[in-house]
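Written out below as structure tokens is the structure these notes cover.
The values are calculated or read from the model by the stated rules, or taken from the named source; none is laboratory data. Because the structure is a prediction, the values reported are computed rather than measured. Cβ coordinates were reconstructed from backbone atoms using ideal geometry, including for glycine residues, and neighbour counts include every protein chain displayed.
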Amino acid sequence: MRAVRVTRFGAPEVLALADVDDPAPGAGQTLVEVDLAGVAYGDVIVRSGRYPLPLPWIPGLEVAGRVLAVGPGADETLIGKTVVGTTAGQAGGYAERAVTMGAYTFPIPDGLSPEVALTVFQAGALARGLLSAMGLRSSDTVLITAAAGRIGSLLVQQAKAVGATVIGAANTDKCCAVGAFGADHVLDYTATGWSQQVRELTDGRGADLALDAVGGEIAEQTLATIADGGRIGFYGYASGAWPTVDMNAVARRGLTVSGPLGIVIRKSDAQQRDDSMQALAAAARGELTPRIHARFPLEQAAQAHRELEQRRSVGAVILTRR
Ligand SMILES: NC(=O)c1ccc[n+]([C@@H]2O[C@H](COP(=O)([O-])OP(=O)(O)OC[C@H]3O[C@@H](n4cnc5c(N)ncnc54)[C@H](OP(=O)(O)O)[C@@H]3O)[C@@H](O)[C@H]2O)c1
């Protein structure tokens with residue numbers, strides 16, 4: 001089969017097509033003929049060498065397609081069904097066939113397109129888990145960075161669904177999109193003094209809660225916008241660096257600083273499955289509406305990564321088999 005096989009980390013060009021053996025499903029696993037593969041920012045981080053995994057590496061942590069076979073102990077009724085699933089070892093999705101974890105493989109609900117299902121079953125579940133780990137309340141004003149992103153856009157929608165006031169922050173070109181996702185206020189965090197505007201929007205108090213995926217200086221400025229006694233969750237570092245946290249300020253101001261991603265990942269399989277099924281159901285009801293930024297055929301995986309790395313993407317980027 002054809003797959004994008006990385007033999008060294010580096011620029012997007014290392015995402016080269018190769019002929020490789022078909023994978024075989026092990027115990028509890030499912031073999032999927034891949035129609036669509038999601039491109040996550042985490043794939044970009046690994047590919048660039050910032051978080052190296054063993055080589056050779058086939059990227060791709062989520063796929064949609066038809067189940068061809070299942071391994072011992074996996075659900076045989078899935079054979080022939082169109083599903084979305086998390087790949088075994090969170091790798092192997094940029095390929096014509098991939099093995100998914102049976103526990104994280106879901107038939108696509110009636111009426112939902114494979115593209116939408118692919119875009120919400122992991123990212124929507126993660127957004128749901130992050131908001132719950134941070135104890136989001138309807139009375140909260142929540143600041144969300146990278147708010148036009150694959151996960152960020154779903155965070156905005158789900159925080160609004162809970163009734164919170166949402167301030168979405170993104171780079172200049174994406175501010176309109178953040179408003180369209182439902183944010184009450186939109187800030188351009190490439191503009192000087194943007195974090196001061198959070199104070200102005202909250203009568204000088206600051207945000208009750210912030211969720212940051214950018215890291216570095218943006219995360220440090222985000223921390224400064226939190227109200228005394230407020231909470232902040234760091235779950236990614238798209239800028240390439242985690243923030244330096246001033247623990248004197250955290251202690252003095254009574255802030256709660258959290259890594260909510262770890263809380264989500266440590267949930268039981270049953271709880272994580274439930275988050276995915278709730279995200280799929282919300283999408284089927286039209287309450288969660290992801291945006292697909294672009295689709296690229298497998299052989300243009302490098303271009304897909306450039307869209308993310310050069311900060312052009314709004315919503316999700318998808319690879320297609322053809
Ligand atoms: N399972 C998962 O997918 C998973 C798990 C754990 C953690 N995460 C983390 O969650 C975050 C969001 O993931 P995602 O897949 O939804 O990606 P994404 O938000 O669609 O893309 C990353 C966004 O980060 C922003 N960004 C800020 N500074 C950047 C820079 N210097 N270079 C590139 N981008 C920059 C960009 O938005 P602007 O242009 O608006 O700034 C970009 O759109 C990532 O940090 C990722 O590592 C994801």
Filter the range 43-78 for residues that are out of contact with any Ser or Thr (no Cβ under 8 Å at 6 or more places or on another chain) and within 15 Å of Ile318 (Cβ to Cβ) and give the result. Asp43, Val44, Pro59
Cβ-Cβ under 7 Å, sequence separation 6+ or interchain: first residue in the range 307-322 and assigned by TED's automatic domain parsing to the domain that holds Glu96, partner near the ligand (Cβ under 8 Å from one of its atoms) and charged (D, E, K, R). Which pairs? Val314/Lys174; Gly315/Arg150; Ala316/Arg150
Just one of the numbered conditions (1) within 12 Å of the ligand (Cβ to nearest atom); (2) over 17 Å from the mean Cα position of the chain (by Cα); (3) assigned to a loop (DSSP other than H, G, I, E, B) is not true of Thr244; which one? (1)
Might you let me know whether the range 172-185 holds any residue that is in contact with an Asp or Glu (Cβ under 8 Å, 6 or more places away or on another chain), more than 18 Å from Pro260 (Cβ to Cβ) and among the β-branched types (Val, Ile, Thr)? yes
Of those in the range 182-204 that are in contact (Cβ under 8 Å) with a residue 40 or more places away in the chain and more than 10 Å from the ligand (Cβ to nearest atom), the residue farthest from Ile226 (Cα to Cα) is Leu201
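Identify, from the list Thr30, Thr105, Thr82, Thr77, the residue that is more than 24 Å from Ala238 (Cβ to Cβ) and either exposed (fewer than 14 other Cβ atoms within 10 Å of the Cβ) or among the aromatic types (Phe, Trp, Tyr) (or both).
Values: Thr30 fails: either exposed (fewer than 14 other Cβ atoms within 10 Å of the Cβ) or among the aromatic types (Phe, Trp, Tyr) (or both); Thr105 fails: either exposed (fewer than 14 other Cβ atoms within 10 Å of the Cβ) or among the aromatic types (Phe, Trp, Tyr) (or both); Thr82 fails: either exposed (fewer than 14 other Cβ atoms within 10 Å of the Cβ) or among the aromatic types (Phe, Trp, Tyr) (or both).
Result of the check over Thr30, Thr105, Thr82, Thr77: Thr77.
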Consider Pro114 against the criteria (1) over 27 Å from Leu55 (Cβ atoms); (2) in contact (Cβ under 8 Å) with a residue 40 or more places away in the chain; (3) crowded, with 20+ Cβ neighbours inside 10 Å: it satisfies all of them except one. Which criterion is unmet? (3)
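Starting from residues that are in a helix (DSSP H, G or I) and within 22 Å of Ser153 (Cβ to Cβ), keep the ones in the range 302-322 and report whichever is farthest from the ligand (Cβ to nearest atom).
First, pick out the residues of the range 302-322 that are in a helix (DSSP H, G or I): 302-309.
After this cut, where a residue has to be within 22 Å of Ser153 (Cβ to Cβ) as well, the list is 303-309.
Working: Gln303: 16, Ala304: 12, His305: 11, Arg306: 11, Glu307: 9, Leu308: 5, Glu309: 6 Å.
By that ranking, first place goes to Gln303.
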Selected residue [modelled with pLDDT under 95 and either in contact with a strand residue (DSSP E or B) (Cβ under 8 Å, 6 or more places away or on another chain) or farther than 23 Å from Asp19 by Cα (or both)] from Gly73, Gly102, Gly111, Gly60: Gly111
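Right, Arg199: out of contact with any Asp or Glu (no Cβ under 8 Å at 6 or more places or on another chain), part of a loop (DSSP other than H, G, I, E, B) and of a type in the set (D, E, K, R) or not? Reasoning before the result, please.
Working: out of contact with any Asp or Glu (no Cβ under 8 Å at 6 or more places or on another chain): yes; part of a loop (DSSP other than H, G, I, E, B): no; of a type in the set (D, E, K, R): yes.
Answer is no for this residue.
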Just name the residue that is nearest to Gly85 (Cα to Cα) out of those in the range 279-295 that are surrounded by 18 or more Cβ atoms within 10 Å (Cβ to Cβ) and away from the ligand (no atom under 14 Å from the Cβ). Leu280
The one condition Thr119 fails out of (1) in contact with a helix residue (DSSP H, G or I) (Cβ under 7 Å, 6 or more places away or on another chain); (2) β-branched (Val, Ile, Thr); (3) closer than 30 Å to Gly28 by Cα is (1)
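Can you tell me which residue is farthest from the ligand (Cβ to nearest atom) among those in the range 165-176 that are surrounded by fewer than 22 Cβ atoms within 10 Å (Cβ to Cβ) and in a helix (DSSP H, G or I)? Talk me through it step by step, then tell me what you get.
Quick first cut of the range 165-176, residues surrounded by fewer than 22 Cβ atoms within 10 Å (Cβ to Cβ) only: 165, 171-173, 175-176.
Still in the running and in a helix (DSSP H, G or I): 172-173, 175-176.
Working: Thr172: 9, Asp173: 7, Cys175: 9, Cys176: 12 Å.
If we take residues in the range 165-176 being surrounded by fewer than 22 Cβ atoms within 10 Å (Cβ to Cβ) and in a helix (DSSP H, G or I), then Cys176 is farthest from the ligand (Cβ to nearest atom).
Criterion first (more than 16 Å from the ligand (Cβ to nearest atom) and surrounded by 17 or more Cβ atoms within 10 Å (Cβ to Cβ)) does Leu298 satisfy it? Give the steps one after another, and end with the answer.
Working: more than 16 Å from the ligand (Cβ to nearest atom): yes; surrounded by 17 or more Cβ atoms within 10 Å (Cβ to Cβ): yes.
Judged against the criteria, Leu298 is a match.
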